[in-house]
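K.L.:
The structure follows.
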Amino acid sequence: MTAVGTDWLADHTPSPEAARARWASGELAAICTTAWSVVETHDIVGAVDAMLALRRAGLLGPVLVHPEEERVWWLVPPGQAAALDGHPDVTVLPPGWTLHCPPADEPLRGRGWLELPNGSGCLTDPVALGAALAQALPIFTAPPVPCSLTSRTGAPARCTP
């Protein structure tokens with residue numbers, strides 16, 4: 001296991017030892033935390049396209065996937081997921097929702113990290129996620145945002161509030 005990312009995940013559970021024990025036995029750990037909010041999408045190809053744009057812009061945090069169920073979970077800053085509320089193909093999960101996940105570097109039970117938690121606490125910017133999904137998913141319509149994922153020169157741009 002990648003110690004830093006896995007430790008970061010385990011540290012967001014009531015019992016890090018219990019999470020590590022579940023992973024060691026080949027089970028998913030149930031992580032219920034207020035350290036992040038979770039946004040769910042169902043288009044894996046679109047999610048990968050959005051991830052690439054967000055990574056170039058430096059705005060990508062951990063992303064968990066279950067390909068067989070066509071589910072993708074994005075970790076975003078707590079309380080900011082509402083920026084995506086009401087958009088097609090996006091479910092903003094309620095605060096405290098339990099994320100059943102594998103350790104940072106090992107897929108388990110059909111789930112794996114497309115973007116690994118790296119222990120830094122970096123989370124996906126929800127406004128930038130909305131813009132990236134709008135570009136990646138033909139049915140997704142994001143609200144106007146105060147920035148784009150690229151600058152006028154074509155270089156990656158950072159969104160700032």
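The values are calculated or read from the model by the stated rules, or taken from the named source; none is laboratory data. Quick caveat, the model's predicted, so the values are computed rather than measured. Cβ sites come from the backbone with ideal geometry, for glycine too, and all protein chains shown count toward neighbours. What goes into the accessible areas is simple: the full protein's heavy atoms, side chains included, and nothing from ligands, DNA or RNA. Shrake-Rupley method; radii C 1.70, N 1.55, O 1.52, S 1.80 Å.
K.L.:
How many residues are surrounded by fewer than 17 Cβ atoms within 10 Å (Cβ to Cβ) and either touching a residue at least 24 places away in the same chain (Cβ under 8 Å) or of a type in the set (S, T, N, Q) (or both) when one looks only at the stretch 8-39? Don't jump to the end; show me each part of the working.
P.N.:
From the stretch 8-39, those surrounded by fewer than 17 Cβ atoms within 10 Å (Cβ to Cβ) are 11, 14-18, 21, 24-27, 30, 32, 34-35; that's our starting set.
Remaining after also requiring either touching a residue at least 24 places away in the same chain (Cβ under 8 Å) or of a type in the set (S, T, N, Q) (or both): 15, 25-27, 30, 32, 34-35.
So the answer is 8.
K.L.:
Kindly indicate the residue of the stretch 40-70 that is free of Cβ contacts under 8 Å to residues at least 60 places away in the same chain and open to solvent by less than 60 Å² (accessible area, probe 1.4 Å) and also farthest from LEU93 (Cα to Cα) among those meeting that condition.
P.N.:
Residue satisfying both the conditions and the ranking: ILE44.
K.L.:
Now, a different point. Is the stretch 19-26 home to any residue that is under 20 Å from SER120 (Cα atoms) and in a helix (DSSP H, G or I)?
P.N.:
Here is the first cut: in the stretch 19-26, the ones under 20 Å from SER120 (Cα atoms) are 19-20.
Among the residues that remain, those that are also in a helix (DSSP H, G or I) are: 19-20.
Yes, the stretch 19-26 has at least one match.
K.L.:
Anything in the stretch 61-91 that is hydrophobic (A, V, I, L, M, F, W, C), in contact with a Ser or Thr (Cβ under 6 Å, 6 or more places away or on another chain) and at pLDDT 95 or above? List them, or say none. Break it down into steps so the answer makes sense when it comes.
P.N.:
Applying the first criterion (hydrophobic (A, V, I, L, M, F, W, C)) to the stretch 61-91 yields 63-65, 72-76, 81-84, 90.
Now drop any that are not in contact with a Ser or Thr (Cβ under 6 Å, 6 or more places away or on another chain), which leaves 72, 74, 76, 81, 90.
Passing the criteria: VAL72, TRP74, VAL76.
K.L.:
Given the criterion among the hydrophobic types (A, V, I, L, M, F, W, C), in contact with a Cys (Cβ under 8 Å, 6 or more places away or on another chain), at pLDDT 95 or above and in a helix (DSSP H, G or I), identify the matching residue among LEU9, LEU54.
P.N.:
On the way: LEU54 fails: in contact with a Cys (Cβ under 8 Å, 6 or more places away or on another chain).
Testing whether each residue is among the hydrophobic types (A, V, I, L, M, F, W, C), in contact with a Cys (Cβ under 8 Å, 6 or more places away or on another chain), at pLDDT 95 or above and in a helix (DSSP H, G or I) leaves just LEU9.
K.L.:
Here is a further query. Among the residues of the stretch 71-92, which ones are hydrophobic (A, V, I, L, M, F, W, C), crowded, with 17+ Cβ neighbours inside 10 Å and in contact with a strand residue (DSSP E or B) (Cβ under 7 Å, 6 or more places away or on another chain)? Explain how you work it out, then say what you get.
P.N.:
Here is the first cut: in the stretch 71-92, the residues hydrophobic (A, V, I, L, M, F, W, C) are 72-76, 81-84, 90, 92.
Filter once more, keeping what is crowded, with 17+ Cβ neighbours inside 10 Å: 72-76, 81, 83-84, 90, 92.
If the condition is that a residue be hydrophobic (A, V, I, L, M, F, W, C), crowded, with 17+ Cβ neighbours inside 10 Å and in contact with a strand residue (DSSP E or B) (Cβ under 7 Å, 6 or more places away or on another chain), then VAL72, TRP73, TRP74, LEU75, VAL76, ALA81, LEU84, VAL90, VAL92 are the ones that fit.
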